[in-house]
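Contents: one structure, followed by commentary.
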Amino acid sequence: MASWTLFSPPCSPVTLPTSSAAKTNAASNNKCYCFWRSSSSEKKRAIRRIITKATEEGESSSSSSGSKDEETPGFNPFGFVNNNPSSRSAIQLPDLPADDGNVGQMISRIENKGREYGSYIKSGEYRWFVRETDAGFHCFAPDWLGFGFSDKPEKGYDDFDFTENEFHEELDKLLDVLEVKYPFFLVVQGFLVGSYGLTWALKNPSRISKLAILNSPLTASSPLPGLFQQLRIPLLGEFTAQNAIMAERFIEAGSPYVLKLDKADVYRLPYLASSGPGFALLEAARKVNFKDISSRIGAGFSSGSWDKPVLVAWGISDKYLPQSVAEEFQKGNPNVVKLQMIEGAGHMPQEDWPEKVVDALRYFFLNYT
């Protein structure tokens, strides 16, 4: 639910490396490094039973309800399954045979989607799945440990405990393995590892040439989405973390658009195939102190504390973080921070309108000093 990108200057424009990222044409021959930023079969079967049951209940309810029910829908505790546009289209696959319900159909259809864009890199004790492009510059885009196709450390069995310092330490190891040179351009986005990307930058200012920030919590006034609040509640957090379509729901809820089905497929696949990503998110969400981190970010990038060029490219239709967060951050260091609003984009502008985001990054990297 977050993104990191690193570049070495000077640098040509770069496509945002989403799970289904395309190659970008670039005029420069200089290299550019980019980092983007997300178990048991019994649990898989339980998730499948829940989703299948919820779908059946939804169909039964709609066919047997009277006029009063049509005006006032009844409470459905599993409404997250069939009240989301891209989820509805994904779950209803009547033309495909299934041995294990609708989720089985989904897994059959989307298994391995997105893997063709990257490969595995061993760093320390873990393997990262890293997408790589090279069109006049070099771009690496890893799935973060615990998410996507990367290794998913297990609580109680592995040394990785999903804390801020551990994310920082594992990133350092990966940078060494990939032989990323300094200084580089860093791009971050999102609540969790996006915030950790900014605190990593505050620890390592000499490694960074320019910093670009897409919608992320930047000040102590940044609100916290309901998802992260739910994950902190015992039992409810465990259930929420195993919601197989949680990732796409989070993206769509912060956006003015429905997530395209091919992209929703890639985001939901890890949660359908394993309980690992859900438990990774659960552990990370319970370890992070967003209020403390946002306060450190606001103070650390203020005037007198940070002097490297910063671009804040902000999707103004973000339903999680208001525009005032970006404006407050920019006022804290107006001579360094450039604020550019991305119209028509929400919390993840790289998904909503990637062309506008790429244009903003291109101009910033090549011209802004």
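Is it true that some residue in region 157-165 is part of a strand (DSSP E or B), within 26 Å of Ile213 (Cα to Cα) and under 16 Å from the mean Cα position of the chain (by Cα)? Don't jump to the end; show me each part of the working.
Filtering region 157-165 down to residues part of a strand (DSSP E or B) leaves none.
The answer is no; no qualifying residue exists.
Mind listing just one residue for me: the one in region 336-369 that is among the aromatic types (Phe, Trp, Tyr) and part of a helix (DSSP H, G or I) and, of those, surrounded by the most Cβ atoms within 10 Å (Cβ to Cβ)?
Going residue by residue through region 336-369, those that are among the aromatic types (Phe, Trp, Tyr) are 353, 363-365, 368.
Restricting the remaining residues to those that are part of a helix (DSSP H, G or I) gives 363-365.
Numbers: Tyr363: 14, Phe364: 22, Phe365: 24.
Restricting to residues being among the aromatic types (Phe, Trp, Tyr) and part of a helix (DSSP H, G or I), the top hit is Phe365.
If you check Gly114, Gly118, Gly146, which single one turns out to be crowded, with 19+ Cβ neighbours inside 10 Å, modelled with pLDDT of 85 or more and in contact with a Leu (Cβ under 8 Å, 6 or more places away or on another chain)?
Numbers: Gly114 fails: modelled with pLDDT of 85 or more; Gly118 fails: in contact with a Leu (Cβ under 8 Å, 6 or more places away or on another chain).
The match here is Gly146.
For region 268-297, residues that are surrounded by fewer than 18 Cβ atoms within 10 Å (Cβ to Cβ) and outside any helix (DSSP H, G or I) total 2.
Scanning region 130-143 for residues that are surrounded by 22 or more Cβ atoms within 10 Å (Cβ to Cβ) and either at pLDDT below 75 or of a type outside the set (Val, Ile, Thr) (or both) yields a count of 7.
Region 198-267 holds helices (runs of 4 or more DSSP H) entirely within its bounds, and those carrying 3 or more residues that are in contact with a helix residue (DSSP H, G or I) (Cβ under 9 Å, 6 or more places away or on another chain) and crowded, with 23+ Cβ neighbours inside 10 Å map to 246-253.
The values are calculated or read from the model by the stated rules, or taken from the named source; none is laboratory data. Computed from a predicted structure; not experimentally measured. Ideal geometry is used to build each Cβ from the backbone, glycine not excepted, and the neighbour counts take in all protein chains shown.
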